[in-house]
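Any read-out appearing in this document is the output of simple, stated calculations on the displayed coordinates, not a laboratory observation. Quantities reported herein were computed from a predicted structural model and do not represent experimental measurements. With ideal geometry, Cβ positions are generated from the backbone for all residues, glycine too; neighbour counts draw on all protein chains shown.
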Amino acid sequence: MFNWFKKKNKNQEDIKENEIEKEIKEEEILKSEEEKIFSEDNEDGKKLNEEIFIEDENPREVSQSQDENLEDREEIIIEEKIEENNIPNDEAEVKPEKVNFFQRLMSGLDKTRKEVGIKINTVLGSYVKIEDDLLEDLEDILISADIGMETTMKLIDNLRNTIIREKINDPSQVKDLLKVEVKKLMDENLQGKIASSSPSIILVVGVNGVGKTTTIGKLAKRFKDQNKKVLIAAADTFRAAAIDQLREWGNRADCDVISHDEGSDPASVAFDAISAAKARKIDILIVDTAGRLHNKANLMKELEKINKIIDKNYPEALKETLLVLDATTGQNAMNQAKTFKEVVNVTGIALTKLDGTAKGGIVIALQSELKVPIKLVGVGEGVYDLQDFNLDNFIDGIFA
């Protein structure tokens, strides 16, 4: 029995010794391979240095070239390790993601698309031929998307006439016909981009809470990215914290903000901003204004005064009056637009928060009824989510 235990212990010791010897041999093989790679790298380095030395006579330039090559080699090694191991490179410069405006628009119009496009597909799929009931169902869908009664009736009447004239009886063709009628009603000739030539002055109007300050900040950032010199005038001196909010956006966009104390005359702020814009050779001057509709007479006088100062002191500037509206308010946005159109010459509309509503059809109503171009749409909270309005993309976005 003793001999058996002795033999067993001896066998275990032999196994351990064999494992140790195996590990030592593996380490030696790895070490020799590393030395070989290192020597090859050194040889490559020597050859590279010799080639550089032959080409360049200035030793300081040679040293600098060597350093640059070493840095390039280190960067390549680091990048390879990152790719192989999926390691985040905190020290590497983070490049901003390219903004795909069409994808952002599609994402922002998702709620409206579900309210309009998907419901239309469902209705059309339930009919085998075009009937009056089908058109009535379409009418209900369009009204529910806040296209408005007047605009909806025009669309349905035009659609019915087209169906009769072209003798169409296939429901699957109705949606394409509807898209064509929407485009006609909105008048693609009304499309236009926000003023960006130098010098330009953008007077921003709209009631409080529609996203006026945010729109100004995003616009300033956009123009700065286009290498424009931008100046902001905080002429909304009545709303608490309006000036501070604009200053914060000015810091984000790296733009100066001309402001006075709260409660001061808005026209005097506009005058000082124009003087500063001319002295600094500013490309774009953006002027914020008070958003009070409860007393239309005072608002009209205030805006008239600002407009007179602009016309008198900055006649060479291309003038834009941008009305900011909140898409989530639906038909209330239409009422605001009508009121402001009575007060000032609105040249364009910026429709914000389009991603937060299923009633994006208000876009169709605004442009078709007021004959004022939608120039900008907000489809998110990000600084790049304020986009130029594109009629074709919008129609595809809600009827897809």
For this session: Would you please give the FRET efficiency between residue 262 and residue 168, computed as 1/(1 + (r/R0)^6) with r the Cβ-Cβ distance and R0 = 51 Å, to the nearest 0.05?
Result: 0.25
Exercise. How far is it, in nm, from the label point at residue 208 to the one at residue 281 when both lie 7 Å from their Cα along the line to the Cβ?
Worked result: 4.1
Exercise. Residue by residue, what Karplus-based ³J(HN,Hα) values in Hz, rounded to whole numbers, does the stretch 141-158 have, using 6.51, -1.76 and 1.60 with θ = phi - 60° and x for Gly and Pro?
Worked result: 5, 5, 5, 5, 8, 6, 6, x, 5, 4, 5, 4, 4, 4, 4, 5, 5, 5
Seminar exercise, completed: Pseudo-spin-label distance residue 143 to residue 226, built 7 Å along Cα→Cβ, given in nm, is 4.2
Exercise. Taking amide hydrogens as modeled 1.01 Å from N in the peptide plane, which residues meet the under 5 Å criterion relative to residue 348, leaving out close sequence neighbours?
Worked result: 321, 323
Exercise. Given a Förster distance of 41 angstrom, what is the FRET efficiency for residue 183 paired with residue 312, based on the Cβ-Cβ distance and rounded to 0.05?
Worked result: 0.50
For this session: Sort the following peptides by mean Cβ neighbour count (other Cβ atoms within 10 Å, averaged over residues), highest first: 154-167, 133-146, 175-188.
Result: 133-146, 175-188, 154-167
Exercise. Given a Förster radius of 41 Å and the C-beta distance between residue 300 and residue 252 as r, what FRET efficiency does 1/(1 + (r/R0)^6) yield to the nearest 0.05?
Worked result: 0.80
Problem set entry | Table column - 3J(HN,Hα) (Hz), the stretch 110-121, Karplus curve with 6.51, -1.76, 1.60, x for Gly and Pro | 4, 5, 5, 4, 5, 6, 10, x, 5, 5, 5, 4
Seminar exercise, completed: A correct Karplus calculation of ³J(HN,Hα) over the stretch 317-327, with 6.51 cos²θ - 1.76 cosθ + 1.60, θ = phi - 60°, whole Hz and x for Gly and Pro, returns 7, 6, 9, 10, 10, 9, 9, 9, 10, 9, 5
For this session: Could you rank the peptides 260-272, 229-241 by their average count of other C-beta atoms within 10 Å per residue, with the highest value first?
Result: 229-241, 260-272
